[in-house]
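Data first, discussion second: the structure below is written as structure tokens.
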Amino acid sequence: MIRFAVGRLLALLGLMAALVVVVFLLQGISGIDVARAQLGPTASEDLVETRRQELGYDDPVLTRLVRYGSDVLSGDFGTSTRTGSPVRDDIAESLPASIELIGAIMVVAVAAALALAIVSVGHGRAGHAARIAVSVGASAPAFLVALLALVIFYRNLRWFPATGRTSLDSAPVGPTGLLTVDSLLSGNLQAFFDAVWHLVLPATAAALAPACVIARILRGSLIVELGKDYVDVARMKGLSHRQVLVRHCLGNAAGPALSMSGLIVAGLFAGSLIVEQLVAWPGLGNYAYRSIQASDFTAIAGITLTIGAIYLLVNTTVELVQRHIDPRIGSASNAGRPNNLLRRLPELPTSTRRFGQSAPRDAVD
Amino acid sequence: MTAPAISVPDVNPTQRRWRSRLSCFDLASLALLTLVCGVALCAPLLAPFDPVARVGDAFAPMGTDGFLLGTDDGGRDMLSRLLYGTRSSLVSAVAVVAITALLGTIIGAVAASCGGWIDSLLMRTTDLFLAMPAVLVAIAVVAALGPSLSNTLLAIGIVWWPAYARIVRNELVSIGARSHIVGAQLTGVSGPRLVARHLLPGIAPLLLITATLDIASIIGILAGLSFFGLGSSAPSPELGAMTFQGLPYFLSHPAVPLVPALGVFALGFSFNLAGDAVRPLLAANR
């Protein structure tokens, strides 16, 4: 386990370094003249040239790469040409809003995925409807769902607010930057409910597609689990179908869905940019959109590095957690050994299960 | 899974399996895909108006003056724009997938057939690309090159080929151990002929299914990037961009942003359904 963890962490460092190189190269080919952008179009050619030298743009490529890398390591992403403030501060200002939205999206997505998967495994009308809903929902683009939700619940029904994080003038400013947490910390329940109220529509809209993707995977592994012998044993003990499904199968089937959820959390940092744009959420998406419109590549580089680092971190964490839960993953030597911590099968001797699994192979031999 | 002890030879395997494994629902999915693609490709024949020209009053309601879906803020016919936009999304997505699949297949085939350090080098590079957040890198690439449709397609291609290289390489390595390949090698077939005649046909169904499902995702990503202002420029009909430009009017005229968004959904959905429908063919090949 420790060797695996060290290996993954080294790979993580390598990937982050690669990300910095990629962003640096993109900055090179973007051809955006930072000195010119800082001084404005009316500045004289000499002034721009002096500024270029000050900024070190005439140094060899490798020197610049090393300097950029060390700057990034110390948390300095440069100065945004659009806002004039350090990119790091801009990102720190808009990141909490994005994290709050993504947290809400994941809560809704996982809850909906569990419900959809359990219902869609069943037979009958409900199962059929859930299967159709999952395959329709998986191909609905987030902006369509968000748009439909806006038209129905804001324009026609007036149930939810359309834009922003809060409608209060004096929203609590707290240590975390997450409105829901900060308002609870300061004991301001009105602000808390207001913040949740603003979260419902964008979070639900953006959660639909991830929920369907997770539900699809979970359904697949649930069906595999339901075909195993221990399910028959549990049924023979007198447990109901629902009980077997929730208590015995769900834990065993969670692995692939869990790793997919990790990928989705990481991907949402890029994907929620679009939904943020729709509901004017003051997060990274808004910042990225404005930076792109102003061709402010320094800011875009900072956003790419921040989100990229979060993406890589989340994925590595999920891998480590999965390995901890199920030590068979990633090691061929003990593949197939039934020592999964998630498999709670006290009533079933291990040898019985192994006999059941290996029976067909013996028959062939 | 374990192999059956005795395998029963099939007289005409391909035909029989096609018939028995495609249900009515699967055939309907394929028919839907054909219909959607046909309508999109025939946009110049079907569209009643010029998609970029002002042909009527702004925000004409649906069904008036021959504007079946009404007009947008610039007085342009929504139906014509929807048809042309769908065609543009379809052609772009298919082109990106075709090129990245070809490139990825070549790289994967080289890695699998050379082995050794070439294989390691190519696959480590692939892993590096696969570990990166694809959409984000694509956004950064487009932002660096400047927003335009071709740059967006290029950016998606750059982040997409490694998936194919990885799939093709792994599949080729696993097929290479099977008896019909060993048999072909024993009769003296080797090199490019072995790859082209014996190995690649084995991965064709997998590639086809992956590509079909990928077209669906790329249509979504492309629309998302255009929605973000990174696709084609203003007047040309592009579904994501149309949605974004219609956004300010969603309170008064919700159809203006909703119609192109629904177009993205219809296109992606029919590709997803078709991909699921041909999935059994993969099992038939095993």
Quiz item: What's the number of the condition A:Gly177 fails, among (1) at pLDDT 85 or above; (2) surrounded by fewer than 18 Cβ atoms within 10 Å (Cβ to Cβ); (3) closer than 30 Å to B:Gly229 by Cβ?
Solution: (1)
Practice problem: Output the number of residues of segment B:138-160 satisfying the condition of being within 13 Å of another protein chain (Cβ to nearest Cβ), in a helix (DSSP H, G or I) and surrounded by fewer than 23 Cβ atoms within 10 Å (Cβ to Cβ). | Solution: 5
Quiz prompt | In segment B:42-63, residue modelled with the lowest pLDDT [restricted to those that are touching a Leu at 6+ places or on another chain (Cβ under 7 Å) and surrounded by fewer than 16 Cβ atoms within 10 Å (Cβ to Cβ)] | solution = B:Met62
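Here's the yes/no breakdown for (1) of a type in the set (D, E, K, R); (2) assigned to a helix (DSSP H, G or I); (3) closer than 24 Å to A:His198 by Cα:
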position	(1), (2), (3)
A:Glu49	yes, yes, no
A:Leu62	no, yes, no
A:Gly69	no, yes, no
A:Gly75	no, no, no
A:Asp90	yes, yes, yes
A:Leu95	no, yes, yes
A:Ile105	no, yes, yes
Exercise. State whether one or more residues within segment A:141-149 are at pLDDT below 85, within 14 Å of chain B (Cβ to nearest Cβ) and more than 26 Å from B:Ala266 (Cβ to Cβ).
Key: no
Quiz item: Hey, does segment B:85-96 have a residue that's closer than 17 Å to B:Val256 by Cα and surrounded by 23 or more Cβ atoms within 10 Å (Cβ to Cβ)?
Solution: yes
Quiz item: From the residues in segment A:276-307 that are aliphatic (A, V, I, L, M) and more than 10 Å from chain B (Cβ to nearest Cβ), which one is farthest from A:Ala203 (Cα to Cα)?
Solution: A:Ala294
Exercise. Assess whether B:Thr86 counts as being within 14 Å of another protein chain (Cβ to nearest Cβ) and either part of a helix (DSSP H, G or I) or closer than 22 Å to B:Thr210 by Cα (or both).
Key: yes
Quiz item: Just for helices (runs of 4 or more DSSP H) wholly inside segment B:161-264: which have at least 1 residues that are modelled with pLDDT under 80 and either within 11 Å of chain A (Cβ to nearest Cβ) or within 30 Å of B:Ser89 (Cβ to Cβ) (or both)?
Solution: B:200-227
Exercise. Identify, from the list A:Val244, A:Val224, the residue that is surrounded by fewer than 19 Cβ atoms within 10 Å (Cβ to Cβ), in contact with a helix residue (DSSP H, G or I) (Cβ under 8 Å, 6 or more places away or on another chain) and assigned to a helix (DSSP H, G or I).
Key: A:Val224
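The values are calculated or read from the model by the stated rules, or taken from the named source; none is laboratory data. As the structure is a prediction and not an experimental result, all values here were calculated from the model. We place every Cβ from the backbone using ideal geometry, glycine too, and count neighbours over all the protein chains shown.
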